[in-house]
Amino acid sequence: MEPMTILIDTPMWPAHGTVFAHLVSDTSLAELHAFAAAAEVPERAFDEDHYDVSERRHADLVRRGAVPVDGRTLTRALIASGLRIRARERAKALTTPLAQRWERLLPGRTALGSELLERWSEPHRRYHTRAHLFAVLTALETLADDAAVPRAVELAAWFHDAVHTGTAGRDEEESALLAEARLRAAGLPPEDVDEVARLVRLTADHRPSADDDAGQLLCDADLSVLGREPAGYRRYTEQVRDEYAHVPDELFRAGRAAVLSQLLDLDPLFHTPRGRELWLARAHTNLRTELEQLRADPSGLEREPLPTD
């Protein structure tokens, strides 16, 4: 295991009548959270790749082992670790861009868009956040190239994880039922509502039929995270583990291993030619590497799988 270094920069960021420093790890979010928990830094202080800590805690955290550095050094270390969240991946920074996208998608349905954004911002979410929604919408545009993304597909992206409790199958069904109720109330034609709900349900197993162009678009966009560069994929796995922090390590590793095996068994994993070109090779490498790491400690691998994305 790589040695861990917890870094803290100089308190200089003003808020709430004091100044704040940033607390980061140069290795993993799991180790950062462990350090913060031991130091009784509240969970609400976590902001996606760092903890905000007030000036009065600085000396105590240094005594506990955090290494004091200047802001530039901390930023470089965070970037090198692969844990830094870019602006376009920061859930808190995406409220306005997503609201604008929603208004273009369903003009005049502002209240529904606000409800969905609130759902995507629930405090227990770590991966299934506004950043994931934004990434799926962006991936859809990439797959569509110069063509317009079908409205039903884009609506399905907005609803596909609108309900998220971490229960495979049930979350997708509840999200589909939510889409049916809200879109009917919004006045969409019944056939459009049915299509959105059908697409949402497909994200339970990502197995659209060979002639289902809409389903293939949505499933490929949803799984595009698997084809990230290694640092981005590692950040995704850290976020998933964070989302299941209540699950003991043995059970989590078993469930995650089952998910990875299911994904590797999908043939095809990506259905669109563009999706295969962009993400397939790297996704297989990422999935196999993570599965090998899990199997290096095979305790308790015969368990129920976690959700697949």
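The values are calculated or read from the model by the stated rules, or taken from the named source; none is laboratory data. Given the structure is predicted, the values throughout are model-derived calculations rather than measurements. Quick reminder, even Gly has a Cβ in these numbers, built from the backbone with ideal geometry, and neighbours come from all protein chains shown.
Numbers below:
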{"item": "Residue match in segment 138-149 (condition: surrounded by 21 or more Cβ atoms within 10 Å (Cβ to Cβ), in the same structural domain as ALA221 (by TED's automatic domain parsing) and touching a Lys or Arg at 6+ places or on another chain (Cβ under 9 Å))", "result": "yes"}
{"item": "Which listed residue, of LEU251, LEU226, LEU217, is farther than 23 Å from THR285 by Cβ, in contact with an Asp or Glu (Cβ under 9 Å, 6 or more places away or on another chain) and of a type in the set (A, V, I, L, M)", "result": "LEU251"}
{"item": "Counted residues, segment 145-175 - those being within 17 Å of ARG101 (Cα to Cα), modelled with pLDDT of 95 or more, more than 14 Å from the chain's Cα centre (by Cα) and not aromatic (Phe, Trp, Tyr)", "result": "8"}
{"item": "Within segment 128-174, tally of residues that are acidic (Asp, Glu) and either assigned to a loop (DSSP other than H, G, I, E, B) or touching a Leu at 6+ places or on another chain (Cβ under 6 Å) (or both)", "result": "4"}
{"item": "Matching residues, segment 229-248, being within 24 Å of ALA281 (Cα to Cα) and free of Cβ contacts under 8 Å to residues at least 40 places away in the same chain", "result": "none"}
{"item": "Segment 150-165, residues that are of a type outside the set (Asp, Glu) and either surrounded by fewer than 17 Cβ atoms within 10 Å (Cβ to Cβ) or touching a His at 6+ places or on another chain (Cβ under 7 Å) (or both)", "result": "ARG151, HIS164, THR165"}
{"item": "Test for VAL69: is it touching a residue at least 40 places away in the same chain (Cβ under 8 Å) and not assigned by TED's automatic domain parsing to the domain that holds GLU243", "result": "yes"}
{"item": "HIS50 modelled with pLDDT of 90 or more and closer than 24 Å to ARG119 by Cα", "result": "yes"}
{"item": "Selection status of ALA59, out of contact with any His (no Cβ under 9 Å at 6 or more places or on another chain) and under 29 Å from GLU122 (Cβ atoms)", "result": "no"}
{"item": "Condition met for THR110 (among the polar types (S, T, N, Q) and loosely packed, with under 15 Cβ neighbours inside 10 Å)", "result": "yes"}
{"item": "Candidate set from segment 266-296 (those that are modelled with pLDDT under 95 and aliphatic (A, V, I, L, M)); member that is surrounded by the most Cβ atoms within 10 Å (Cβ to Cβ)", "result": "LEU294"}
{"item": "Selection count where residues are surrounded by 16 or more Cβ atoms within 10 Å (Cβ to Cβ), within 16 Å of the chain's Cα centre (by Cα) and not in a loop (DSSP other than H, G, I, E, B), scope segment 37-94", "result": "5"}
